[in-house]
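Peer 1: Here it is: the structure, laid out below.
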Amino acid sequence: MKIAGIVLAVVALLAIAFAVKAMQTGEKAPPEGTPAPDFTLNSQDGKPISLHEFKGKWVVLYFYPKDFTSGCTKEAHNFQRDLALFERKNAVILGVSVQDENSHQQFCTKEGLNFKLLADTKQAVSSSYDSLMDFAAARLSARHTFLIGPDGVVRKVYLKVDPEKHSAEVLADLAALQQSGTGK
C-alpha cells in the first residue's frame, strides 16, 4: 500500500510539473532595448490597428488570457481607471488576447472599456511576443505586458503580472522612464 501511495505522489508531482511548464512563457519575449515586433490586428470595432501607427507615443501592450474572467476584468478595469493618467503621459493602452472582435466588443460594452482590445485569433502576435500559453485544451495569451517607447523599442517587460496592481506599476515605471529621458 505504501508503494502505491508513493507512486501516486510521484505521478501527481510529475503532472503538476508538466502543467507549470506548459504555462511558462516569456523566455523568448522581446527583451528590453530591442525593437518591438510590429503587427496589425483588428480591434473590438473591427478596424485594423498596427503598432507602427503609434510611433511617437508610449504603448502599453498588454496580453491577457480571456475576456470576462475575473483577473482579466480586474486588470482591464484598472487600466480604464488610469486611462486619463496614461493619456497625459502620451501613452496608449492596447490589450491583446486570442478572442475575436465580437467577444472584445461585448467585453468593452459590458465593462465600460474605452481603449482598444485587439483580436489575435491566429495567435501570431501572442506567439511573436512569447506570450502564448497552453491551458488545459486551449491556447491563450499569457498575462504579459510590454511598455514600448515612442521610438518603437521595448523599454520594460512584465512577465509576472498581478492584475490588481499592474496598472499602477506600469504607470510608475512609465513616469520613471520619461523622467530619465529613456525612449524619446
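Peer 1: Looking at region 139-153, which of its residues are assigned to a strand (DSSP E or B) and aliphatic (A, V, I, L, M)?
Peer 2: LEU140, LEU147, ILE148, VAL153
Peer 1: Do we find a residue being surrounded by 14 or more Cβ atoms within 10 Å (Cβ to Cβ) and of a type in the set (Asp, Glu) anywhere in region 152-168?
Peer 2: no
Peer 1: In region 30-84, what residues are among the small types (Gly, Ala, Ser) and out of contact with any strand residue (DSSP E or B) (no Cβ under 6 Å at 6 or more places or on another chain)?
Peer 2: Across region 30-84, the qualifying residues are GLY33, GLY46, GLY56, SER70, GLY71, ALA76, ALA84.
Peer 1: Among the listed residues LYS122, LYS160, LYS156, which satisfies the condition of being part of a strand (DSSP E or B) and among the basic types (Lys, Arg)?
Peer 2: Only one candidate passes the filter, namely LYS156.
Peer 1: Among the listed residues VAL170, VAL98, identify the single one that is at pLDDT 95 or above, under 23 Å from PRO35 (Cβ atoms) and β-branched (Val, Ile, Thr).
Peer 2: VAL170
Peer 1: In addition: Are any residues in region 163-184 free of Cβ contacts under 8 Å to residues at least 40 places away in the same chain, among the hydroxyl-bearing types (Ser, Thr, Tyr) and outside any loop (DSSP other than H, G, I, E, B), and if so, which ones?
Peer 2: SER180
Peer 1: Working only within region 55-77, note down all residues that are surrounded by fewer than 19 Cβ atoms within 10 Å (Cβ to Cβ), in a helix (DSSP H, G or I) and in contact (Cβ under 8 Å) with a residue 40 or more places away in the chain.
Peer 2: Answer for region 55-77, where residues must be surrounded by fewer than 19 Cβ atoms within 10 Å (Cβ to Cβ), in a helix (DSSP H, G or I) and in contact (Cβ under 8 Å) with a residue 40 or more places away in the chain: GLY71, LYS74.
Peer 1: Does LYS184 count as under 11 Å from TRP58 (Cα atoms), surrounded by fewer than 18 Cβ atoms within 10 Å (Cβ to Cβ), out of contact with any Leu (no Cβ under 8 Å at 6 or more places or on another chain) and at pLDDT below 95?
Peer 2: Here the answer is yes, as LYS184 does meet what is asked.
Peer 1: Which of the residues spanning region 83-104 are surrounded by fewer than 19 Cβ atoms within 10 Å (Cβ to Cβ) and either among the charged types (D, E, K, R) or assigned to a helix (DSSP H, G or I) (or both)?
Peer 2: Selection gives LEU83, ALA84, LEU85, GLU87, ARG88, LYS89, ASP100, GLU101, ASN102, SER103.
Peer 1: Let me ask something else about it. Evaluate the following for ASP134: is it touching a helix residue (DSSP H, G or I) at 6+ places or on another chain (Cβ under 6 Å) and surrounded by 22 or more Cβ atoms within 10 Å (Cβ to Cβ)?
Peer 2: no
Peer 1: How about region 136-161: which of its residues are charged (D, E, K, R) and either within 14 Å of GLU75 (Cα to Cα) or in contact with a His (Cβ under 8 Å, 6 or more places away or on another chain) (or both)?
Peer 2: ARG143, LYS160, listed by residue number.
Peer 1: Return yes when THR109 is of a type in the set (Ser, Thr, Tyr) and not in a helix (DSSP H, G or I) and no when it is not.
Peer 2: no
Peer 1: Now, a different point. Read through the list (1) within 16 Å of PRO65 (Cβ to Cβ); (2) touching a Leu at 6+ places or on another chain (Cβ under 6 Å), then give the number of the only condition that LYS116 fails.
Peer 2: (1)
The values are calculated or read from the model by the stated rules, or taken from the named source; none is laboratory data. From a predicted model like this one, the values you see are computed outputs, not experimental measurements. Counting neighbours? That spans all protein chains shown, and the Cβs are built from the backbone with ideal geometry, glycine included.
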